[in-house]
Amino acid sequence: MRLKSILFSVTLLLSFGTNAQTKLECKTKLSIFHEAVKAKKYDAAYEPWLYVKKNCPDLNLATYADGEKILKHKIENSKGEVQQSFINSMLDLWILRKKYYNSDTPLGEYNTKACQLQYDYKDELGKTNLELFDCFDATFNADKETFTHPKSLYTYFSLVAELFDAQKKTASELFKIYDSVNEKIEVEIQNYSEKLNALVKKVDNGGTLTTNEDNKKRAYESYLKNYGLIQSNMNIIADKRANCSNLIPLYAKDFKVHQNDSIWLKRSVSRMYHKDCTNDDLYETLVKQYDKVAPSADTKVYVATVLFKKAKDEEAYKYLEEAYKLETRPYKKANIALRIGAMLKVKGQYSKARNFLIKALELNPSNGKPHLYIAEMYNDSAKDKNCGKDNFHQRAVYWLAAEEAQKASRVDPTLQSTAKSYVQSYLAKAPTKEEIFLSGLSGKTIKTVCWINRSIKVPKID
């Protein structure tokens with residue numbers, strides 16, 4: 001018995017010694033691979049990183065953060081079976097990270113990475129569109145909050161569109177995913193817009209951004225640009241597969257089942273509104289039911305569209321005012337004001353439209369669309385005889401339109417290209433240098449006398 005006890009003690013001591021030695025070795029190799037990764041020497045980092053991952057998987061989160069960079073390099077610089085092995089190593093790494101650092105590994109973020117990696121190398125891995133869609137779909141439904149990457153949101157929707165074209169998904173499934181992803185994008189756009197608004201207001205008030213704030217501003221603008229781009233591409237895909245001739249029978253068929261489902265009603269009304277299916281009786285039915293089931297600022301705007309169609313303008317205006325008053329959240333209120341302004345613009349009520357568009361800018365200054373709408377209204381009024389006493393004064397309004405469009409470019413990174421084309425178009429129609437010289441108004445300020453009621457600075461020429 002004594003001999004056994006001695007042997008056990010010796011074994012235990014050796015075990016402790018070995019573990020201590022391994023821990024020390026792990027810490028040394030952790031330092032080695034971390035410094036190599038910082039220097040972007042990923043091949044040199046691979047072996048020491050592999051040792052730490054195998055022997056001390058819970059030592060430091062850097063094992064997983066740096067490991068992603070190392071394996072990304074390996075995947076991009078290999079082919080065939082070797083590449084497949086590195087891809088599988090990346091997938092295993094995220095599973096291992098979840099095991100040891102669960103609170104630092106959001107399900108939506110990391111499962112999305114896994115789905116996206118398999119999509120990016122679907123041919124190499126032999127993955128089908130249906131398998132990949134199921135991967136994204138399960139992740140989105142499990143943790144929508146941290147499923148935020150623009151590329152992956154687009155991939156998720158593009159997969160259901162391809163499956164719809166292959167007759168493996170129904171129109172209802174296609175539009176349901178479209179709505180869910182689009183709503184998620186809207187949440188992210190609101191999130192980054194509100195963050196950007198604070199910085200835009202600081203600059204507008206004469207403040208100077210710190211280096212950190214300037215970096216954040218660029219990051220927010222980049223995200224907004226990417227979300228805007230994928231939203232636009234999604235709309236193109238959806239528009240090719242959604243028109244009034246297939247939406248109306250689809251919603252008519254499903255109405256009885258979903259008539260008390262506020263989310264279904266909201267999505268149906270929104271799609272019919274944006275696809276200009278508002279002349280059909282079904283649209284009015286859906287709008288009234290939506291307003292009955294879940295009255296809100298949104299429903300009031302939709303009711304107004306029905307009233308406008310019936311030439312009940314005064315009643316429609318009352319609903320629009322009510323819609324604006326009902327919404328209290330700044331970002332949402334800005335969107336309501338923008339929609340109202342756009343509707344009034346179409347009706348030719350330019351002064352009222354501008355009032356709402358200005359309200360939209362006050363509430364969400366990083367959205368350039370109101371500036372473009374106002375510029376369009378100035379452009380449409382430029383040759384109005386009520387806006388100037390002669391041809392020169394009337395065409396001077398184009399400078400005002402260009403100035404307004406330029407503001408859109410300054411505050412909204414997603415509209416820079418569009419705004420630039422607007423500015424060029426307006427300036428091309430404004431008075432020439434020769435006309436400015438002959439007018440004797442170079443460098444002077446003139447004023448419009450119609451609904452615009454704004455001062456215009458005539459460019460100074462030498």
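Laboratory data are not the source of any read-out in this text; all were calculated from the coordinates shown. Here the structure is a predicted model, which is why all the values come from computation and not from measurement. With ideal geometry, Cβ positions are generated from the backbone for all residues, glycine too; neighbour counts draw on all protein chains shown.
Quick notes on this one:
- Close amide H contacts of I456 (hydrogens built in the peptide plane, cut-off under 5 Å, sequence separation of 5 or more or a different chain): I446, K447, T448.
- Between the beta carbons of E47 and V82, assuming R0 = 22 Å, the FRET efficiency works out to 0.90 to the nearest 0.05.
- Signed unit charges on C-beta, dipole axis of the chain, positive-most listed residue Y273, P413, L159: P413
- Total charge dipole magnitude, region 327-462, about the Cα centre, Cβ charges on Lys, Arg, Asp, Glu only, Debye to nearest 20: 400 debye
- Among S85, T211, F133 - extreme Cα towards positive end, dipole of the chain, charges at beta-carbon: T211
- Across region 39-44, rounded Karplus estimates of 3J(HN,Hα) from the backbone phi angles (6.51 cos²θ - 1.76 cosθ + 1.60, θ = phi - 60°) give 8, 6, 9, 5, 5, 5 Hz, Gly and Pro being marked x.
- Region 22-105: C-alpha gyration tensor shape, a/c 1.5 cut-off, then a/b vs b/c: oblate
- The alpha-carbon atoms of region 243-290, seen along their principal axes, cover 23, 16, 16 angstrom, with the largest extent given first.
- If a spin label sat at a point 7 angstrom from the Cα of D384 along the line to its beta carbon, the backbone N atoms of region 349-372 nearer than 12 Å would be those of 349-354.
- Compared with the alpha-carbon gap, the fully stretched path from D165 to K38 is longer by 41.2 nm at 0.36 nm per residue.
- Gained length - T208 relative to F437, 0.36 nm times residue gap less alpha-carbon distance: 78.6 nm
- Packing-based ranking, highest mean first, of 158-164, 99-105, 365-371 given that Cβ atoms within 10 Å are counted: 365-371, 158-164, 99-105
- Förster-model FRET efficiency, 56 Å R0, Q416 and N19, C-beta, rounded to 0.05: 0.45
- Acute angle (nearest 10 degrees) that the helix 313-326 long axis makes with the longest principal axis of the chain, alpha-carbon atoms: 40 degrees
- Backbone HN-Hα couplings from phi across region 98-103 [Karplus 6.51/-1.76/1.60, Hz, Gly and Pro as x]: 4, 5, 9, 9, 4, 5
- Dipole moment magnitude, nearest 20 debye, region 29-128 about Cα centre, only Lys, Arg, Asp, Glu C-beta charged: 100 debye
- Peptide ranges 261-271, 117-127 listed from the most packed, as the mean C-beta count within 10 angstrom indicates: 261-271, 117-127
- Helix axis angle, 129-142 relative to the chain longest principal axis, alpha carbon, degrees: 80 degrees
- Using the Cβ-Cβ distance between C450 and Q259 with R0 = 41 Å, the FRET efficiency computed as 1/(1 + (r/R0)^6) comes to roughly 0.30.
- When only the Cβ of Lys, Arg, Asp and Glu is charged (+1, +1, -1, -1), the dipole of the chain relative to its Cα centre reaches about 880 debye.
- Cβ crowding within 10 Å averaged over residues, with 107-116, 23-32, 396-405 ranked highest first: 396-405, 107-116, 23-32
- The angle between the Cα long axis of helix 2-38 and the longest principal axis of the Cα atoms of the chain comes to about 30 degrees, rounded to the nearest 10.
- Across the chain, the convex hull enclosing all Cα atoms gives 241 Å³ per residue.
- Using only Cα coordinates, the Kirkwood hydrodynamic radius of region 381-462 works out to 13.1 Å.
- By the count of other C-beta atoms within 10 Å, a proxy for reagent exposure, L130, L250 are ordered fewest to most as L130, L250.
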